[in-house]
1. Restricting to region A:129-151, count the residues that are farther than 22 Å from B:SER95 by Cα and more than 9 Å from every other protein chain (Cβ to nearest Cβ).
2. Tell me which residues, restricted to region B:37-52, are in contact with a helix residue (DSSP H, G or I) (Cβ under 6 Å, 6 or more places away or on another chain) and more than 9 Å from every other protein chain (Cβ to nearest Cβ).
3. Please determine whether any residue of region B:46-53 is closer than 24 Å to A:PRO155 by Cα and under 15 Å from the mean Cα position of the chain (by Cα).
4. Go through region B:58-76 and count every residue that is within 14 Å of chain A (Cβ to nearest Cβ) and either touching a residue at least 12 places away in the same chain (Cβ under 8 Å) or on the phi > 0 side of the Ramachandran plot (or both).
5. Out of B:TYR48, B:TYR33, B:TYR38, report the one residue that is crowded, with 18+ Cβ neighbours inside 10 Å and free of Cβ contacts under 8 Å to residues at least 24 places away in the same chain.
6. Among residues belonging to region A:122-138 that are modelled with pLDDT under 90 and surrounded by 20 or more Cβ atoms within 10 Å (Cβ to Cβ), point out the one that is nearest to B:ILE50 (Cα to Cα).
7. Out of all the residues in region A:141-158, which are assigned to a loop (DSSP other than H, G, I, E, B), touching a residue at least 24 places away in the same chain (Cβ under 8 Å) and surrounded by 15 or more Cβ atoms within 10 Å (Cβ to Cβ)?
8. Can you go through A:ALA143, A:ALA109 and tell me which one is touching a Ser or Thr at 6+ places or on another chain (Cβ under 7 Å) and among the small types (Gly, Ala, Ser)?
Amino acid sequence: MSAPNSPTLGLFRSDARPGPLTIPPPNLEGTATATATATAATWSDPRQFVVGAPPNPPSPLALRALTSPSNRRATLAAPTLPLGHADSIRKRSSLPADIDLSTLDYITACDENLICPICRCPLDKPVRLACDHIFCDECLNRALEAQRNGERNCPSCRTRVHGWSEDAGKQKHKTSIPRILTQMLDELVVRCPNGKAGCKWQDKRGEVQDHVDRYCDYTLLACPESECGEVVPRKHRGKSCLHFHTKCEDCEQSVLRLDLEAHQESECPKRAKDCSKCGANIPVRELISHLSSKCPETIVSCPGSPYGCSFQSPHADLKPHTKTCPIAAMAPFLSAQQARQDTQEAQQKLLQRKVDVLEGGFSSIQSLLYTSDAGTRTPTTPLEAMSDPMLRSGSNNGAASASSTAPATENPPFDSSTEHLLFLHDSLRNEISRVENALAVLDARTTMTLLNESLRAKEEMAHTNAAINGMRMQLHWLMSARLQAQREQSGPRAGPSVGGGGAGGAAGASAPMLRPVRRSSEESRQKL
Amino acid sequence: MHAHLPPGITLVQADNLDTWLMDIRVLDDNPIYRNQTYRLKFVFSGSYPIEAPEVTFVKTESHPIPMHPHIYSNGIICLDLLDRQGWSPVHNVESVCMSLQSMLTGNTKNERPEGDESFVRNNRLRPRDVSFYFHDNTV
């Protein structure tokens, strides 16, 4: 175990402390709970233990099943599982069980080669496949079980595994590993799994089972009073049943006899003890804090120790030192500085992130501006592409010079994008004014042409009017001449009648001698 | 912790045993992945390492989804190693990261898988339930 928290993902290993096991295989857990509840019914009934031969004593087989490897995970998980009270008691009293070696706290570093590649813990009951790969027996079984397509392959090299069977008794695929490896594994130093309860034992892994089973004072065993059904640590087993309430002689509080010692040691508010160092009588509740900071005999270090002062002395002697120690004098200031620096660093990190985000945005804008390589002479932006035809039309109209259109297309690689943007803006503004001018010119020109056109039309209309007038005059004259002629032809007969005969005769006198007719008409007028 | 990781792989977050975040970088000068860091999300099921973790790329402001003919634009990776059949309990986060690193390094095609758009739009399955058809043995 070269690196206990290396990210090689020993999920099992990260769990390798006695405690809730988060990863029990679902199928195993299921069966374990089933057997647990089945046997719990018989175990929790105290009457069955009173007389020698209870009707349904737990058979040795059942006991073995309880301590089987598949069950031990459920056993360890018991404190967190929402089981009934009777269940949990049964579980605790069923200890000692096989210890799950992967949950142990290893003190010696384990060689990487002795670590199971599946659970990433030091190998537990190692077995070897024909391809020479070694795994924990249980890990290998679970891995092979999970392979679904009928064929079983080595998890490491995918070589076909022959002889595997779900029934552990019929398995022929594995061979034992060399004894030297087993010895190396058994010599790893571990802590007692009851370490949390207070056991300080640590020794070779090969002996941990023996220690827990026989010697560990903190192994929970069934209470000697068989009616009780509770559990006690081994160290209290010699006494009679301690599961009754009693009163603490100091504080009058009711506590369980089993917990009385612990109560008097550290909890009782009335009980006081002499400090082992300074001899002062201190309430037991405050003893720990007293020893760590207040006791004048406790060795404490100078307040300037984080900043370099190595002075250490009993609490009582520290004051004279702090008066002279320059670092101690500076300590409050230094720590304030440190705090300020920390907050500033945090702020700087925040700002850095903001800057990163802004820079990202900026660079994306930049990349939008320079979509293609700066070297190409094509319009670099959609904006420019749009403005280009306008530029050209502007210069065609002659309304503005083409001087400003040239740089827009000829030197696109600007120093900065802002410059480029500003330039773009400028040229667009020029464009707009040029277009405005052109519009004005066009406007004037169209008005002029319109005016000209209409004048000419008016003149023509006057001409036509005059011509029409002339024609009318002529027509008038012709009509009157004809009338005159008719009157003269039909003179005596019809008199002044101008009826249908006149109209009929008009065709006959279509080519008259104008002069005489006119004269005649004048004559007739004179007659009249 | 970082000292043990191979180059180009960094642990970002491993607060719990359910989800880990890793950053990977392609080490050689592959123009498709130059100067980019990709973020991987590992989701572990209760039966890890017997069962494969769910590994996907995640898109953040500074971490795009890498272009690869076997990586969909929603971050789902089509790699036999991460599938039920191809997984082996001896793999771990480090080895998966390295496999993905080499998968990117060896790639020359700057493209998404066929049918990427429709898959991204229609897929509601979790990556491990998507049944991929592994046809390309060149990666």
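1. Step one: filter region A:129-151 for residues farther than 22 Å from B:SER95 by Cα, giving A:129-130, A:137-138, A:141, A:145, A:148-151.
If we keep only those that are more than 9 Å from every other protein chain (Cβ to nearest Cβ) as well, we get A:129-130, A:137-138, A:141, A:150-151.
So the answer is 7.
2. Selection gives B:ALA52 alone.
3. As a first pass, look at region B:46-53 and keep what is closer than 24 Å to A:PRO155 by Cα: B:46-53.
Subsequent filtering for residues that are under 15 Å from the mean Cα position of the chain (by Cα) retains B:52-53.
So far as region B:46-53 goes, yes, one or more of its residues are closer than 24 Å to A:PRO155 by Cα and under 15 Å from the mean Cα position of the chain (by Cα).
4. Restricting attention to region B:58-76, the residues satisfying the condition of being within 14 Å of chain A (Cβ to nearest Cβ) are B:59-64.
The next check asks that each one be either touching a residue at least 12 places away in the same chain (Cβ under 8 Å) or on the phi > 0 side of the Ramachandran plot (or both); those that pass are B:59-60, B:62-64.
Total satisfying the criteria: 5.
5. On the way: B:TYR33 fails: free of Cβ contacts under 8 Å to residues at least 24 places away in the same chain; B:TYR38 fails: free of Cβ contacts under 8 Å to residues at least 24 places away in the same chain.
None of the others qualify; the one that does is B:TYR48.
6. So the residue we want is A:GLU138.
7. First, pick out the residues of region A:141-158 that are assigned to a loop (DSSP other than H, G, I, E, B): A:147-152, A:154-158.
Imposing the further condition that a residue be touching a residue at least 24 places away in the same chain (Cβ under 8 Å) reduces the set to A:154-157.
Across region A:141-158, the qualifying residues are A:CYS154, A:PRO155, A:SER156.
8. Numbers: A:ALA143 fails: touching a Ser or Thr at 6+ places or on another chain (Cβ under 7 Å).
Step by step, each of A:ALA143, A:ALA109 is checked, and only A:ALA109 is touching a Ser or Thr at 6+ places or on another chain (Cβ under 7 Å) and among the small types (Gly, Ala, Ser).
The values are calculated or read from the model by the stated rules, or taken from the named source; none is laboratory data. Bear in mind that the values here come from a model prediction, so they are computed numbers and not experimental data. Cβ sites come from the backbone with ideal geometry, for glycine too, and all protein chains shown count toward neighbours.
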